[in-house]
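K.L.:
Shown below is the structure under consideration.
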């Protein structure tokens, strides 16, 4: 609107209202353009709703990533149900290629992963094997501190006949000092080299072992009892923490780690050939993460609750976990490593089973044989086989029927939606409302008006009509020697249904067809051509593919031709996308309707500029009129004054 204003004093007219009335007539052209743009917006919006429905239908029934409902795949229409007589031993599922019938299954050994587990990592134990059982008199006292109570445990000096004999004496002295079972001592294997001792306090009690005999410089006397037992004086059973650095871990384990690289701040640990550099400053959690994220193929973990460290192979099956025990890492954690082979812990094993008396092995407890997937659930050690399990497979007629019934229902819903748009009544007298019209109406009146204004936006839309026509033809044409009606699916005879499918006799014919010849049912839908789909096929290739394909492939091709996001050799995408576009694709802003809207926007801008100039012109004209009238009135006043002077 112009910045000019007119007071209308000279003329006495309401010039502002006169100009508004004149501009209302001028703006009718602009309003028409705005209304045309709104109509295009509504058409594009409704078109995209249809496209989304088509995409949902295609993605559900013609997507290889959904094998259960992919009508182009035999697996969706040849469903086999499998049952096990004892699911505690083995459970089964069947694929579409499974043989129908019965069989027997027996497990002789379940698969397991190689693993190594150390219980009581933080217990007080020998870090080296005991090489002598000779205890020197005067150096045979151990100071044992249990929960801040310290007592001397003195054992007999001399040569013991066996480590077992020494263990018995030490245990007796501990029971006498602290009570039976408060501290348990037992023989353990140490680093694959021999035997040592382990002292375990009850529950979460704190335990420290120390002795008083040292050489100068702080080294333990070689004849001291703890030195003989391979235990460092002052060692305690402080639990490891995931946030402990490896230096702290080493101290808690009695100096069990050896940092021998560079400046003595790291070491390299090899597991299954994967090398892992471990630094003093690394936390226990960081080291576990390094192991788990390496190519070693194992999963390491530490439980502070059970004070246990474990390493387990990621894959089940025969094999070992091997290591060079770099830095004495596993030895310090109480896991024995064979020095010659590097093997630690227990080996993995394959599953051993028999199907119909034929023995076979697999590295996993889940495996597929002739279309049947078996999952061994029980842990079978191999000493005694499981009971014989009966396995049965049969055609899942109910599952096949349900898949086809759902397909028919969803197909009918889709074409009902599209037909509804194509045949929706269009009210020509109900144009989109202008802002001025909306101001004079209530919200309910606006809602009812726009409901009629939006009706019939896609009436007789050629692209949609063409797609529906092709879909109906694809379902009507023969598939080889078969026709859809032979399995109890036909087109509704009610013309108002406009091509909907119905199941004959309430679906009984289809059920009979599935039971008598499931392969025929699958052939009608999922038969596949030697010619693969492409938007650039020649007319001859398209004809061949159509002729050789089942109904599912035909429908899939039609839908892809209309909503595919890939371009053909001419640079065009699916016909519906070229028309209205879809969110998330370049056609969202580059399509027929958006191009039409852009053209209208340019026209609207030009018309608005013209209206501004026209309004300013009106104001200038009325200003000139007022000025002229003012001059006329002034001249009249002057003449009247002159005449009055003559009269006097």
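K.L.:
Which of (1) touching a residue at least 40 places away in the same chain (Cβ under 8 Å); (2) closer than 30 Å to residue 485 by Cα; (3) not in a helix (DSSP H, G or I) does residue 583 not meet, given it meets every other one?
P.N.:
Among (1) touching a residue at least 40 places away in the same chain (Cβ under 8 Å); (2) closer than 30 Å to residue 485 by Cα; (3) not in a helix (DSSP H, G or I), the lone unmet condition for residue 583 is (2).
K.L.:
In region 354-376, what count of residues is obtained for those that are surrounded by 15 or more Cβ atoms within 10 Å (Cβ to Cβ) and at pLDDT below 95?
P.N.:
Total meeting the criteria: 1.
K.L.:
In region 255-268, which residues are closer than 16 Å to residue 245 by Cβ and in contact with a helix residue (DSSP H, G or I) (Cβ under 7 Å, 6 or more places away or on another chain)?
P.N.:
Result: 256, 257, 258, 259, 267.
K.L.:
Could you list all residues from region 444-468 that are in contact (Cβ under 8 Å) with a residue 12 or more places away in the chain and outside any loop (DSSP other than H, G, I, E, B)? I'd like the intermediate steps shown before the answer.
P.N.:
First, the residues of region 444-468 that are in contact (Cβ under 8 Å) with a residue 12 or more places away in the chain: 446, 449-450, 452-461, 463-468.
Listed by number, the residues that qualify are 446, 449, 450, 452, 453, 463, 464, 465, 466, 467, 468.
K.L.:
Taking the stated definitions as given, is residue 501 in contact with a strand residue (DSSP E or B) (Cβ under 7 Å, 6 or more places away or on another chain) and either touching a residue at least 24 places away in the same chain (Cβ under 8 Å) or surrounded by 16 or more Cβ atoms within 10 Å (Cβ to Cβ) (or both)?
P.N.:
On the way: in contact with a strand residue (DSSP E or B) (Cβ under 7 Å, 6 or more places away or on another chain): yes; either touching a residue at least 24 places away in the same chain (Cβ under 8 Å) or surrounded by 16 or more Cβ atoms within 10 Å (Cβ to Cβ) (or both): yes.
Yes.
K.L.:
Another one. Given the criteria assigned by TED's automatic domain parsing to the domain that holds residue 178 and without any contact (Cβ under 8 Å) to a residue 24 or more places away in the chain, does residue 152 qualify?
P.N.:
It is true that residue 152 is assigned by TED's automatic domain parsing to the domain that holds residue 178 and without any contact (Cβ under 8 Å) to a residue 24 or more places away in the chain.
K.L.:
Got a number for residues in region 162-207 being free of Cβ contacts under 8 Å to residues at least 40 places away in the same chain, within 30 Å of residue 345 (Cα to Cα) and not in a strand (DSSP E or B)? Quick ask: steps written out before the conclusion?
P.N.:
Of the residues in region 162-207, the ones free of Cβ contacts under 8 Å to residues at least 40 places away in the same chain are 162-187, 202-204.
Adding the requirement that they be within 30 Å of residue 345 (Cα to Cα) leaves 162-168, 170-171, 181-187, 202-204.
Those still in the list that are not in a strand (DSSP E or B) too: 162-168, 170-171, 181-182, 202-204.
Summing the residues that are free of Cβ contacts under 8 Å to residues at least 40 places away in the same chain, within 30 Å of residue 345 (Cα to Cα) and not in a strand (DSSP E or B) in region 162-207 gives 14.
K.L.:
Let me ask another. Just to be sure, is residue 73 surrounded by 17 or more Cβ atoms within 10 Å (Cβ to Cβ) and touching a strand residue (DSSP E or B) at 6+ places or on another chain (Cβ under 8 Å)? Let's see the steps before the verdict.
P.N.:
On the way: surrounded by 17 or more Cβ atoms within 10 Å (Cβ to Cβ): yes; touching a strand residue (DSSP E or B) at 6+ places or on another chain (Cβ under 8 Å): no.
No; evaluated as a whole, the condition is false for this residue.
K.L.:
Let me ask you something else. Which count do you get for residues in region 545-572 that are in a loop (DSSP other than H, G, I, E, B) and more than 29 Å from the chain's Cα centre (by Cα)? Break it down into steps so the answer makes sense when it comes.
P.N.:
First pass over region 545-572, keeping only residues in a loop (DSSP other than H, G, I, E, B): 549-550, 564-572.
Okay, now just the ones that are also more than 29 Å from the chain's Cα centre (by Cα), so 549-550, 568-572.
The total comes to 7.
K.L.:
Out of curiosity, is residue 289 surrounded by fewer than 18 Cβ atoms within 10 Å (Cβ to Cβ), at pLDDT 95 or above and in a helix (DSSP H, G or I)?
P.N.:
So residue 289 fits the description; yes.
K.L.:
Only one of 78, 58 is touching a strand residue (DSSP E or B) at 6+ places or on another chain (Cβ under 9 Å) and either modelled with pLDDT of 85 or more or closer than 30 Å to residue 637 by Cα (or both). Can you tell me which?
P.N.:
Numbers: 58 fails: touching a strand residue (DSSP E or B) at 6+ places or on another chain (Cβ under 9 Å).
That would be 78, the only listed residue that is touching a strand residue (DSSP E or B) at 6+ places or on another chain (Cβ under 9 Å) and either modelled with pLDDT of 85 or more or closer than 30 Å to residue 637 by Cα (or both).
K.L.:
Looking at 597, 612, can you tell me which residue is under 30 Å from residue 30 (Cα atoms), in contact (Cβ under 8 Å) with a residue 12 or more places away in the chain, assigned to a helix (DSSP H, G or I) and out of contact with any helix residue (DSSP H, G or I) (no Cβ under 9 Å at 6 or more places or on another chain)?
P.N.:
On the way: 597 fails: out of contact with any helix residue (DSSP H, G or I) (no Cβ under 9 Å at 6 or more places or on another chain).
One residue alone meets the criteria, 612.
K.L.:
Let me ask something else about it. It is to be established whether one or more residues within region 520-529 are on the phi > 0 side of the Ramachandran plot and either part of a helix (DSSP H, G or I) or assigned by TED's automatic domain parsing to the domain that holds residue 97 (or both). Outline the logic, then answer.
P.N.:
Let us first name the residues in region 520-529 that are on the phi > 0 side of the Ramachandran plot, namely none.
No - not one qualifying residue is present in region 520-529.
K.L.:
Can I ask one more? Among the listed residues 47, 105, which satisfies the condition of being surrounded by 19 or more Cβ atoms within 10 Å (Cβ to Cβ), over 26 Å from the mean Cα position of the chain (by Cα) and in the same structural domain as residue 371 (by TED's automatic domain parsing)? First the steps, then the outcome.
P.N.:
On the way: 47 fails: in the same structural domain as residue 371 (by TED's automatic domain parsing).
Criteria check complete, one pass: 105.
K.L.:
Please give the number of the condition residue 143 fails out of (1) out of contact with any helix residue (DSSP H, G or I) (no Cβ under 8 Å at 6 or more places or on another chain); (2) more than 30 Å from residue 346 (Cβ to Cβ); (3) surrounded by fewer than 16 Cβ atoms within 10 Å (Cβ to Cβ).
P.N.:
It is condition (3) that residue 143 fails.
Condition check ((1) touching a helix residue (DSSP H, G or I) at 6+ places or on another chain (Cβ under 6 Å); (2) closer than 29 Å to residue 400 by Cα; (3) outside the structural domain of residue 474 (by TED's automatic domain parsing)) across all residues:
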residue	(1), (2), (3)
532	no, yes, no
537	no, no, no
542	no, no, no
552	yes, yes, no
568	no, no, no
580	yes, no, yes
587	yes, no, yes
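K.L.:
Please state which one of 348, 317 is part of a loop (DSSP other than H, G, I, E, B) and under 32 Å from the mean Cα position of the chain (by Cα). I'd like the intermediate steps shown before the answer.
P.N.:
Details: 348 fails: part of a loop (DSSP other than H, G, I, E, B).
It is 317.
K.L.:
Any idea which of 590, 536 is modelled with pLDDT under 95, surrounded by fewer than 15 Cβ atoms within 10 Å (Cβ to Cβ) and not in a helix (DSSP H, G or I)? Reasoning before the result, please.
P.N.:
Numbers: 536 fails: modelled with pLDDT under 95.
Going through 590, 536 in turn, the sole match is 590.
K.L.:
Which one is nearest to residue 335 (Cα to Cα), of the residues in region 151-161 that are touching a helix residue (DSSP H, G or I) at 6+ places or on another chain (Cβ under 7 Å) and assigned to a loop (DSSP other than H, G, I, E, B)?
P.N.:
Ranking the qualifying residues of region 151-161, first place goes to 160.
K.L.:
Residue by residue through region 329-349, note down the ones that are over 30 Å from residue 238 (Cα atoms) and buried (at least 20 other Cβ atoms within 10 Å of the Cβ). Can you show your working first?
P.N.:
Going residue by residue through region 329-349, those that are over 30 Å from residue 238 (Cα atoms) are 340-341, 347-349.
Matches in region 329-349: 348, 349.
K.L.:
Only one of 244, 221, 205 is at pLDDT below 85 and buried (at least 17 other Cβ atoms within 10 Å of the Cβ). Can you tell me which? Working first, answer last.
P.N.:
Numbers: 244 fails: at pLDDT below 85; 205 fails: buried (at least 17 other Cβ atoms within 10 Å of the Cβ).
Testing whether each residue is at pLDDT below 85 and buried (at least 17 other Cβ atoms within 10 Å of the Cβ) leaves just 221.
K.L.:
Could you please find all residues in region 398-422 being closer than 14 Å to residue 81 by Cβ and surrounded by 19 or more Cβ atoms within 10 Å (Cβ to Cβ)?
P.N.:
Narrowing region 398-422 to residues closer than 14 Å to residue 81 by Cβ: 398-403.
Scanning region 398-422 gives 400, 401, 403.
K.L.:
Which fully enclosed strands (runs of 3 or more DSSP E) of region 57-150 have 2 or more residues being within 30 Å of residue 238 (Cβ to Cβ)? Can you show your working first?
P.N.:
Working: elements: 80-84, 90-94, 101-109, 115-119, 141-146.
Of the strands (runs of 3 or more DSSP E) lying wholly inside region 57-150, those with at least 2 residues that are within 30 Å of residue 238 (Cβ to Cβ) span 115-119, 141-146.
The values are calculated or read from the model by the stated rules, or taken from the named source; none is laboratory data. Fair warning: this is a prediction, and the values are worked out from it, not measured in the lab. Virtual Cβ from ideal backbone geometry, glycine too; neighbours counted across all protein chains shown.
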